[in-house]
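Some notes on the structure that comes next.
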Amino acid sequence: MFTVRVELGERSYPIHIGSGLLRQHELILPHLQQQKVAVVTNPVVGELYLEELSNALAAQGVTVVPIVVPDGESYKTWETLNTITDRLLAHRCERKTALIALGGGVIGDLAGFAAAIYLRGVPFIQIPTTLLAQVDSSVGGKTGINHPLGKNMIGAFYQPRLVLADTDTLNTLPDRELAAGLAEVIKYGLIRDRAFFEWLEQEIDRLTARDATTLAQAVRRSCEIKAEIVAEDERESGVRALLNLGHTFGHAIEAGLGFGTWLHGEAVAAGTMLAARLSRDIGRLSQADVERIADLFRRAKLPVAAPDLGVARYVELMGLDKKVEQGRIRLVLLESIGRGFVTADCPPQRLEHVLGGLSQHA
């Protein structure tokens, strides 16, 4: 087992990464303030892992309240959030009742937001079961729901007490979901760690083949990078914005196509390619690096061509991004592989040129 710590003073917490962690109740019990927990999950993950987790906790005298909500990005809504709070109230959950998210990014975002607002805040634990959630969404305290006009537009920063990443859960992940998680793994190499990107180039075939040791190493390094950035900038006032490489474009893709049509990681991969081409067009990134990035995404079985929503629609949706300041779109771009930067000064004609040429990259 590897342990990475997110250093946030009194709110610091561990990320445990390893095999068979769901059964290790001793990792969870120290973070409970009473012998009762509510577990939020979906039918797919619940069928696979809810009983295993519940039995491990029940054996230690912990009462488990299961809350099963529909599966999918399209259900990350007020209605689903209300379902969670209704169940918490019906079962008399108190301020010391921990809320556990058992699932992927959607479950983590929903449960985390519920934990932030229920009784003005209850203890929260993340048990991510997808690669994307293990390397990204479960770490750092971003929680929220979608709005028809934009992704994650309503939410809160609310840190968990613990992240428990059982890498065994990746064995049951569909290939498409595994690939989506790799998009976020590749992102870390692009924004912060060239050596990690080069390691991914060497190991990508083992990752797609689900080699357990290689996957655990990828999860560990991704979490280390994210933990470093979150410790520097918890509320995204500075360097944390780098974690959104590909996301301003990607969120526009998700909203424009309809939430759930493309997986988040698929949209991030295509969005990262748009960011790479824009970086090239403003003279920051070489064409060779653009091609190198595209090659790694292809080998990870991810899209490198974004859907053509039309320039005006892209600009409209990107204008709703949470990083917009005084009406100006702030973009995360690349100086080189391993070095990202944030800018609000990208010439509009360059952005429109990249968006207008989408059909060329199909």
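The values are calculated or read from the model by the stated rules, or taken from the named source; none is laboratory data. Nothing here was measured: the structure is a model prediction, and the numbers come from that model. Please note: Cβ atoms are built from the backbone with ideal geometry, for glycine as well, and neighbour counts cover all protein chains shown.
Quick rundown of the values:
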| item | result |
| --- | --- |
| Some residue of the range 76-83 being without any contact (Cβ under 8 Å) to a residue 24 or more places away in the chain and either farther than 30 Å from Ala183 by Cβ or in contact with a Phe, Trp or Tyr (Cβ under 8 Å, 6 or more places away or on another chain) (or both) | yes |
| Hey, Val239 of a type in the set (A, V, I, L, M, F, W, C), touching a residue at least 60 places away in the same chain (Cβ under 8 Å), buried (at least 16 other Cβ atoms within 10 Å of the Cβ) and closer than 17 Å to Val342 by Cβ or not | no |
| Residue in the range 205-213 that is out of contact with any Asp or Glu (no Cβ under 6 Å at 6 or more places or on another chain), surrounded by fewer than 19 Cβ atoms within 10 Å (Cβ to Cβ) and either among the aromatic types (Phe, Trp, Tyr) or farther than 20 Å from Gly18 by Cα (or both) present | yes |
| Answer residue from the range 45-66, given it is in contact with a helix residue (DSSP H, G or I) (Cβ under 9 Å, 6 or more places away or on another chain) and touching a residue at least 40 places away in the same chain (Cβ under 8 Å) and is surrounded by the fewest Cβ atoms within 10 Å (Cβ to Cβ) among those | Leu48 |
| Filtered residues of the range 82-141 (kept if surrounded by 23 or more Cβ atoms within 10 Å (Cβ to Cβ) and of a type in the set (S, T, N, Q)) | Thr97, Gln126, Thr129, Thr130, Gln134, Ser137, Ser138 |
| Residue within the range 282-292 that is outside the structural domain of Ser74 (by TED's automatic domain parsing), within 14 Å of Val332 (Cβ to Cβ) and not charged (D, E, K, R) present | yes |
| Among (1) in contact (Cβ under 8 Å) with a residue 24 or more places away in the chain; (2) out of contact with any Pro (no Cβ under 7 Å at 6 or more places or on another chain); (3) among the hydrophobic types (A, V, I, L, M, F, W, C) - the single one Ala98 does not satisfy | (2) |
